[in-house]
Amino acid sequence: GIVAQDKVSIAGLSTMAEFGLVNTVPQEAAQPNDGILGMGYRVLADDNIQPLLQTLGITQFAFDLSQNELHLGGYDKSLTDEIFWANLMTETYFEIHMRSLSVNGKKYN
């Protein structure tokens, strides 16, 4: 593939951003082609491309799973009673340590 640039605008913010463009993908590709555009850490980027959120100057984001919303640049302050903050295990993937998980009342350790 190649690295290209294009103007990206999100919620009134605009910037020229770099993207990796794929020419072909072999069926036995070792790296999956997934993820949310520019939300990862630069250490994971191919060709040392700066992630889009960093290019836009966005340092915080939040998911409101009850409303299926993504908040860029902060969070909905009216939900302060329901916010759960977690430290990342490393600044690579957005991984947090969990001791257990409960789904529909069933607990998994």
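What the table below lists for this structure:
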quantity: Carbon/sulfur fraction of accessible area - the chain, other protein chains in place, 1.4 Å, %; calculated: 50 percent
quantity: For the range 52-109 and the range 5-21, distance of Cα centres in Å; calculated: 24 Å
quantity: Cα point-scatterer Debye curve for the chain, base-10 log of I(q)/I(0) at q = 0.15, 0.16, 0.17 Å⁻¹; calculated: -0.88, -0.97, -1.05
quantity: MRE, 222 nm, helices only [DSSP H, n ≥ 4, -39500 (n - 2.57), over the chain, to nearest 500]; calculated: -500 deg cm²/dmol
quantity: Contact order normalised by residue count of the chain, Cα under 8 Å, 6+ apart, percent; calculated: 15 percent
quantity: 1.4 Å probe accessible area per residue over the chain, in Å²; calculated: 84 Å²
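The values are calculated or read from the model by the stated rules, or taken from the named source; none is laboratory data. Only a predicted model underlies this, so the values are computations on that prediction, with no experimental measurement involved. SASA here: full protein model, heavy atoms, side chains in, ligands and nucleic acids out. Shrake-Rupley method; radii C 1.70, N 1.55, O 1.52, S 1.80 Å.
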